[in-house]
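The values are calculated or read from the model by the stated rules, or taken from the named source; none is laboratory data. All figures in this text were calculated on a predicted structure; none of them were measured in a lab. Neighbour counts are summed over all protein chains in view; Cβ atoms, including those assigned to glycine, are modelled from backbone coordinates with ideal geometry. Protein only, heavy atoms only, side chains kept; ligands, DNA and RNA dropped before computing areas. Shrake-Rupley method; radii C 1.70, N 1.55, O 1.52, S 1.80 Å.
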Amino acid sequence: MSAFTPWPADLAALYRSLGYWNGTPLGSLLSGRQGLALVAGDTRLTYDELERRVDRLAAGLVRLGIGAGDRVVVQLGNSRGFVELSFALFRLGALPVYALPAHREHEIAHLCRVTNAAAYAIPDQVAGFDYRQLARSVGPGLVLVEGDPAEFVSLASVDSEPVELPPVDPSGVALYLLSGGTTGTPKLIPRTHDDYAYNARASAEVCGLGPDTVYLAALPAGHNFPLACPGILGTFTAGGTVVMAASPSPDEAFALIEREGVTHTAVVPTVALLWAEARDWQTEDLSSLRCLQVGGAKLGETQAKGLRAALGVPLQQVFGMAEGLLNYTRLDDPVELVDTSQGLPLSPHDEVRILGPDGREAEMGELYTRGPYTIRGYYEAPEHNAIAFTSDGFYRSGDLVRRLPSGHLVVEGRVKEVINRGGDKVSAEEVENHLRSHPAIASVAVIALPHALLGEQTCACVVAVPGAAVTVKELASYLREQGVAAYKFPDRVETLDRLPVTAIGKVDKRELVRRFT
Ligand code: OOB
């Protein structure tokens with residue numbers, strides 16, 4: 001089975017004795033629930049129907065040779081196939097590796113290689129992009145396609161009489177999420193059945209989910225936020241209904257909110273701001289919304305107030321990370337606190353340390369955390385783990401936070417080199433590595449600059465080789481050729497004679513930010 005860094009035995013025993021880890025494999029979350037489980041396009045499935053389909057899909061996958069411990073890269077859209085395949089894999093003890101829809105050859109090849117994936121699941125095509133072409137260049141032997149499979153296997157055709165499946169160890173790895181990534185290549189985050197079921201269940205409680213919940217999955221479903229915070233898994237835990245939106249665009253989302261009576265949904269600030277603007281011309285009834293979760297990037301106070309005024313629905317701020325720790329403002333928090341903070345840790349056993357540059361507890365500083373649903377290490381990354389985790393198991397988030405007397409956290413900035421581009425995390429190092437091989441570039445530093453809608457945009461500060469010119473367009477086409485996801489393309493290029501350096505000779509990114517803001 002897949003190796004991961006386990007929690008120390010005494011803490012694992014504590015989390016079990018407190019009932020946080022209750023031995024429920026994710027595959028069984030659908031059992032014993034009633035009513036409408038899933039709405040995706042024209043499909044409406046009850047819990048019974050979804051259960052049956054999942055069992056038949058799991059049996060079909062066994063026939064195709066997929067079994068316990070196998071990794072399957074899942075790049076499906078927000079569709080019935082996403083839910084069915086995820087649960088079929090959970091039941092088999094096979095492990096979905098959740099890619100994002102925007103990922104291309106570079107990212108998918110990396111994921112398939114490092115996980116030694118047994119299969120790759122994709123839609124046929126979306127908005128003019130043909131994922132089958134991607135599968136042809138990078139996919140493993142078995143490619144499952146939702147829609148027209150061409151020469152591959154149709155996901156819908158994977159269907160056999162249910163078979164008895166071996167039991168799944170709830171303390172083992174259930175799935176892999178992708179890290180927001182500070183490193184050259186994205187790291188994989190192993191989440192266990194026990195910890196992720198708790199993540200979803202406790203989130204569902206804090207957000208007041210129940211059988212009458214209708215959750216709209218508007219962000220890409222393979223991201224932690226819509227998947228389990230409380231998201232799709234939390235909604236199933238509570239016996240509610242999940243509605244899949246093909247995109248978070250206001251025309252798609254507002255129509256679904258009105259038609260299905262959506263009560264809960266999650267968006268990044270960039271999407272929330274677009275929704276607020278769209279309110280001027282889109283008049284659908286949004287009054288069924290009891291909680292609009294906004295997270296993934298900082299939502300400022302003015303923005304929060306503006307959203308509240310434009311949309312007229314209750315807001316919740318969510319500050320989370322795929323590695324674990326989740327902070328939510330609570331439903332009964334005073335509006336003032338909701339507008340000005342990024343929430344309170346989810347679990348009474350989330351340990352949060354705020355450390356200043358001298359390594360001592362401080363009012364404002366870097367957030368370190370450990371707890372019942374925060375990982376102890378990335379997948380097969382011993383060197384990076386030695387930096388990203390302390391010797392006593394705290395995850396070093398790279399976020400700068402301040403704690404309010406109420407315990408709520410305010411995100412003040414970050415020390416890690418990540419561009420948070422409308423909630424999409426772009427590793428500066430990764431983009432720099434790609435750009436360094438460009439023939440017109442002598443040296444390069446990638447920084448985040450403020451942007452009104454995205455929050456941050458990516459700026460490549462470039463020293464060009466003599467006589468060469470570098471443009472945004474040229475870099476985009478270069479990165480596209482390298483098979484890099486488009487959200488990582490620089491939005492801006494600034495050309496310099498040389499990069500400023502600090503006293504110890506490192507590129508002075510602060511100076512670059514000052515210069516170009
Ligand atoms: C969520 O997860 P990731 O793994 O894509 O990104 C985590 C990072 C955090 O370390 C922080 O830098 C940033 O995203 N972040 C926020 C934030 N929420 C996340 N920064 C400021 N304010 C916020 N509210 O982004 C994620 C995972 C689960 C739930 C929600 C978001």
- Per the filter on the range 70-93, residues small (Gly, Ala, Ser) and open to solvent by 10 Å² or more (accessible area, probe 1.4 Å) are Gly77, Ser79
- Of the residues in the range 290-317, those that are within 30 Å of Asp195 (Cβ to Cβ) and open to solvent by 10 Å² or more (accessible area, probe 1.4 Å) come to Arg290, Gly296, Ala297, Lys298, Pro314, Leu315
- Out of (1) away from the ligand (no atom under 15 Å from the Cβ); (2) under 20 Å from Gly208 (Cα atoms); (3) in a loop (DSSP other than H, G, I, E, B), what's the single condition that is false for Arg376? (2)
- Task: Check the range 467-475 and report whether any residue there is assigned to a helix (DSSP H, G or I) and out of contact with any Phe, Trp or Tyr (no Cβ under 9 Å at 6 or more places or on another chain).
- Result: yes
- Message: Please pick out the residue among Val470, Val462, Val446 that is under 19 Å from Asp497 (Cα atoms), open to solvent by less than 10 Å² (accessible area, probe 1.4 Å), out of contact with any helix residue (DSSP H, G or I) (no Cβ under 7 Å at 6 or more places or on another chain) and free of Cβ contacts under 8 Å to residues at least 60 places away in the same chain.
- Response: Val462
- Query: Residues in the range 416-425: is at least one of a type in the set (D, E, K, R), modelled with pLDDT of 95 or more and open to solvent by less than 40 Å² (accessible area, probe 1.4 Å)?
  - Reply: no
- Message: Among the numbered criteria (1) within 12 Å of the ligand (Cβ to nearest atom); (2) open to solvent by 10 Å² or more (accessible area, probe 1.4 Å); (3) within 13 Å of Asn78 (Cβ to Cβ), which one does Val268 miss?
- Response: (3)
- Just one of Leu400, Leu367, Leu409 is within 23 Å of Thr329 (Cα to Cα), in contact (Cβ under 8 Å) with a residue 12 or more places away in the chain, within 15 Å of the ligand (Cβ to nearest atom) and surrounded by fewer than 18 Cβ atoms within 10 Å (Cβ to Cβ); which is it? Leu400
- By residue number, the members of the range 344-359 that are under 23 Å from Trp21 (Cβ atoms), open to solvent by less than 50 Å² (accessible area, probe 1.4 Å) and either among the polar types (S, T, N, Q) or not in a loop (DSSP other than H, G, I, E, B) (or both) are Leu344, Pro345, Ser347, Val352
- Can you name the number of the only condition in (1) open to solvent by less than 20 Å² (accessible area, probe 1.4 Å); (2) at pLDDT 95 or above that Gly181 fails? (2)
- Could you list, in sequence order, all residues of the range 29-54 that are open to solvent by 10 Å² or more (accessible area, probe 1.4 Å), within 18 Å of Ala228 (Cβ to Cβ) and without any contact (Cβ under 8 Å) to a residue 60 or more places away in the chain? Ser31
- Query: Out of all the residues in the range 273-302, which are within 11 Å of the ligand (Cβ to nearest atom) and not in a strand (DSSP E or B)?
  - Reply: Gly296, Ala297, Lys298, Leu299, Gly300
- Message: Just to be sure I understand the filter: pairs with C-beta atoms under 8 Å, separated by 6 or more residues or on different chains, first member in the range 233-246 and farther than 15 Å from Asp42 by Cα, second member open to solvent by 10 Å² or more (accessible area, probe 1.4 Å) and among the charged types (D, E, K, R). Which pairs pass?
- Response: Gly234/Arg201; Phe236/Arg33; Thr237/Arg201; Gly239/Arg33; Gly240/Asp212
- Query: If the Cβ limit is 8 Å and pairs must be 6+ apart or interchain, which residue in the range 297-318 that is without any contact (Cβ under 8 Å) to a residue 60 or more places away in the chain pairs with which residue that is open to solvent by 30 Å² or more (accessible area, probe 1.4 Å) and within 13 Å of the ligand (Cβ to nearest atom)?
  - Reply: Glu301/Thr340; Ala304/Thr340
- Residue list for the range 115-137, filter: closer than 23 Å to Val62 by Cα, assigned to a helix (DSSP H, G or I) and aliphatic (A, V, I, L, M): Ala135
- Task: Looking at (1) within 14 Å of the ligand (Cβ to nearest atom); (2) touching a Phe, Trp or Tyr at 6+ places or on another chain (Cβ under 7 Å), find the lone condition where His384 falls short.
- Result: (1)
- Single residue of the range 143-167 satisfying the filter (open to solvent by 30 Å² or more (accessible area, probe 1.4 Å), closer than 20 Å to Val97 by Cβ and in contact (Cβ under 8 Å) with a residue 24 or more places away in the chain) that is nearest to the chain's Cα centre (by Cα): Glu146
- If we keep only residues of the range 317-334 that are of a type outside the set (Val, Ile, Thr) and within 7 Å of the ligand (Cβ to nearest atom), then the residue nearest to the chain's Cα centre (by Cα) is Ala322
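Restricting attention to the range 222-256, which residues are in a helix (DSSP H, G or I), aliphatic (A, V, I, L, M) and open to solvent by 10 Å² or more (accessible area, probe 1.4 Å)? Spell out how you get there, then give the answer.
Applying the first criterion (in a helix (DSSP H, G or I)) to the range 222-256 yields 224-228, 231-237, 250-256.
Checking which are aliphatic (A, V, I, L, M) leaves us with 227-228, 232-233, 253, 255-256.
Across the range 222-256, the qualifying residues are Ala255, Leu256.
If I ask for residues that are within 23 Å of Leu299 (Cα to Cα) and either basic (Lys, Arg) or under 21 Å from the mean Cα position of the chain (by Cα) (or both), which ones from the range 253-262 would you list?
Applying the first criterion (within 23 Å of Leu299 (Cα to Cα)) to the range 253-262 yields 253-254, 257, 262.
Within the range 253-262, just Ala253 meets the criteria.
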